[in-house]
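Inspection log for the structure reproduced underneath, given as structure tokens.
The values are calculated or read from the model by the stated rules, or taken from the named source; none is laboratory data. As the structure is a prediction and not an experimental result, all values here were calculated from the model. Cβ placement follows ideal geometry from the backbone for every residue including glycine, while neighbour counts extend to all protein chains displayed.
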Amino acid sequence: MSLAQWFPTASGALRLFSTRWGQATAKTLHDVDTEHTNSLHDSAILRGSFTIGRAMQSSGGNTTTATFFAMGGRASMNKFTVVHLSDIQLTPATQAGESPTPGPLATILADLTTHDLDPDLIVISGDLFQNGAPTDYQWLRTYLHRQSHRLGVPIQVVLGDQDDRTAFNAGYLQRTVPYYAYKQVYQNMDFYFLDSKWRSRRTAGWLGRDQLDWLNKNLHLAPRRRAFLFLHHPLDAPSLRDMRYTLLQNNRELLAILHGHNIGGIYAGHVEFAANYLVDNGLPVTVVGGAANYVDCQDPHQHRVHSATSYNVIMIQRGVASVTTRPLAFEPQVVRTIDVGNTGFAKHRPRLSQPYH
């Protein structure tokens, strides 16, 4: 089986969503404004190649803000490129003193260099490790810092259902937070990174009330700025009806907050196959295929897993966002199967105010 047979986009076809908005104002500074809830992202990874910075941090769960500037940024005001990958599922170190294997993550980052993609932002939307320990996440923090410096681009991460929140806090953030959500501003566009991890043994996603309130507040602070959202779990759609057991469970609450705002798109991963659809009367949702696997879900009760690697390139130019899938590998042999019972939404949902686990 060729890549062109498996991936419709391997022959060059584009998966495209476009939404026009007001023209951006030209600037000579590349502004990055990052707002976190309860934590400040590692500034070395956050700023990438930026050389001048200032940061403000407050305690008591208040929002922390960091702003970085760099003269003569690489991106034109007419073009901004985001590389989006998800579900890298790195294998933790097996023995003390060893390092995890970067695997498909290294393959994708090498492909960026090979094809001179030169992105302005890289986003890894969850499932960073399978049963990762604090030392694994500490290794990932260092590895991404080095890759960010090598490529000259910020690299952002969010949590997925397979990630261990306690280990992530201890090893990657090196501080304890109830959830990991933050915001950045690039070229007068807002980028939100949300934490949809629910419970340790649940694959489904959930956004708690405190995080939704934070998102709502920030959207109202900049109502005219174009906003893009990244999270691990996709939203519900008719084409994903048989996947509802593992999608974001409180779609309505999120869409109620987004309604009426200048949202350019929602980007997710998790299901490990590509999907594009519209929600809430035209809001585009793009789901990137897995960086480590492709899951065939044609049989809703038995999913077939293949080894595969792909990622998306999101290009925002003059208010038009387009998404191209870049497939790198696919193995036709099924490596394992996943048995699925109930395919509907979770029967027992948490209260919106319930703490994260």
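Every test in (1) of a type in the set (S, T, Y); (2) modelled with pLDDT of 95 or more; (3) not in a helix (DSSP H, G or I) is passed by T107 save one, and that test is (3).
Yes or no, residue by residue, for (1) more than 19 Å from S125 (Cβ to Cβ); (2) without any contact (Cβ under 8 Å) to a residue 60 or more places away in the chain; (3) in contact with an Asp or Glu (Cβ under 6 Å, 6 or more places away or on another chain):
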position: L194; (1), (2), (3): no, yes, no
position: R209; (1), (2), (3): yes, no, no
position: H220; (1), (2), (3): yes, yes, no
position: S239; (1), (2), (3): yes, yes, no
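Would you please name the residue that is surrounded by the fewest Cβ atoms within 10 Å (Cβ to Cβ), looking only at residues in segment 141-160 that are outside any helix (DSSP H, G or I) and in contact with a Phe, Trp or Tyr (Cβ under 7 Å, 6 or more places away or on another chain)? Outline the logic, then answer.
Filtering segment 141-160 for residues outside any helix (DSSP H, G or I) gives 152-160.
Next cut, in contact with a Phe, Trp or Tyr (Cβ under 7 Å, 6 or more places away or on another chain) only: 156, 158-159.
Numbers: Q156: 22, V158: 26, L159: 26.
Ranking the candidates gives Q156 first.
Note on segment 178-208: residues that are at pLDDT 95 or above and among the basic types (K, R) total 2. Of the candidates R224, R241, R199, the single residue that is assigned to a loop (DSSP other than H, G, I, E, B), over 18 Å from the mean Cα position of the chain (by Cα) and within 30 Å of V334 (Cβ to Cβ) is R199. Screening V295, V313, V320 for residues that are β-branched (V, I, T), at pLDDT below 95 and out of contact with any Gly (no Cβ under 7 Å at 6 or more places or on another chain) leaves exactly one candidate, V320. Considering only residues that are at pLDDT 95 or above and touching a His at 6+ places or on another chain (Cβ under 8 Å), which ones fall in segment 264-280? Y267, A268, G269, H270 - these are the residues of segment 264-280 that are at pLDDT 95 or above and touching a His at 6+ places or on another chain (Cβ under 8 Å).
For Q138, indicate whether it is farther than 30 Å from T114 by Cβ, surrounded by fewer than 20 Cβ atoms within 10 Å (Cβ to Cβ) and modelled with pLDDT of 95 or more. Reasoning before the result, please.
Numbers: farther than 30 Å from T114 by Cβ: no; surrounded by fewer than 20 Cβ atoms within 10 Å (Cβ to Cβ): yes; modelled with pLDDT of 95 or more: yes.
So Q138 fails the test.
Just one of the listed residues (T324, T337) is surrounded by fewer than 17 Cβ atoms within 10 Å (Cβ to Cβ), of a type in the set (V, I, T) and closer than 27 Å to Y186 by Cα, namely T324. Looking only at residues of segment 231-277 that are closer than 20 Å to H306 by Cβ and among the charged types (D, E, K, R), we find that the one that is surrounded by the most Cβ atoms within 10 Å (Cβ to Cβ) is E272. Taking (1) over 21 Å from K197 (Cβ atoms); (2) surrounded by fewer than 20 Cβ atoms within 10 Å (Cβ to Cβ) in turn, A308 satisfies each apart from (2). Among the residues of segment 244-277, those that are touching a residue at least 40 places away in the same chain (Cβ under 8 Å) and in a strand (DSSP E or B) comprise L248, G264, G265, Y267, A268, A275, N276, Y277.
Within the bounds of segment 161-177, is there any residue that is of a type in the set (F, W, Y), at pLDDT 95 or above, part of a loop (DSSP other than H, G, I, E, B) and within 16 Å of the chain's Cα centre (by Cα)?
Within segment 161-177, the first condition is being of a type in the set (F, W, Y), and the residues that meet it are 168, 172.
In the following step, the residues that additionally are at pLDDT 95 or above were identified as 168, 172.
When the remaining residues are screened for being part of a loop (DSSP other than H, G, I, E, B), the result is none.
Among the residues of segment 161-177, not one is of a type in the set (F, W, Y), at pLDDT 95 or above, part of a loop (DSSP other than H, G, I, E, B) and within 16 Å of the chain's Cα centre (by Cα), which makes the answer no.
State yes or no: is N281 in a loop (DSSP other than H, G, I, E, B) and not β-branched (V, I, T)?
Judged against the criteria, N281 is a match.
Could you tell me whether A96 is more than 19 Å from the chain's Cα centre (by Cα), surrounded by fewer than 16 Cβ atoms within 10 Å (Cβ to Cβ) and of a type in the set (A, V, I, L, M)? Against the criterion (more than 19 Å from the chain's Cα centre (by Cα), surrounded by fewer than 16 Cβ atoms within 10 Å (Cβ to Cβ) and of a type in the set (A, V, I, L, M)), A96 qualifies.
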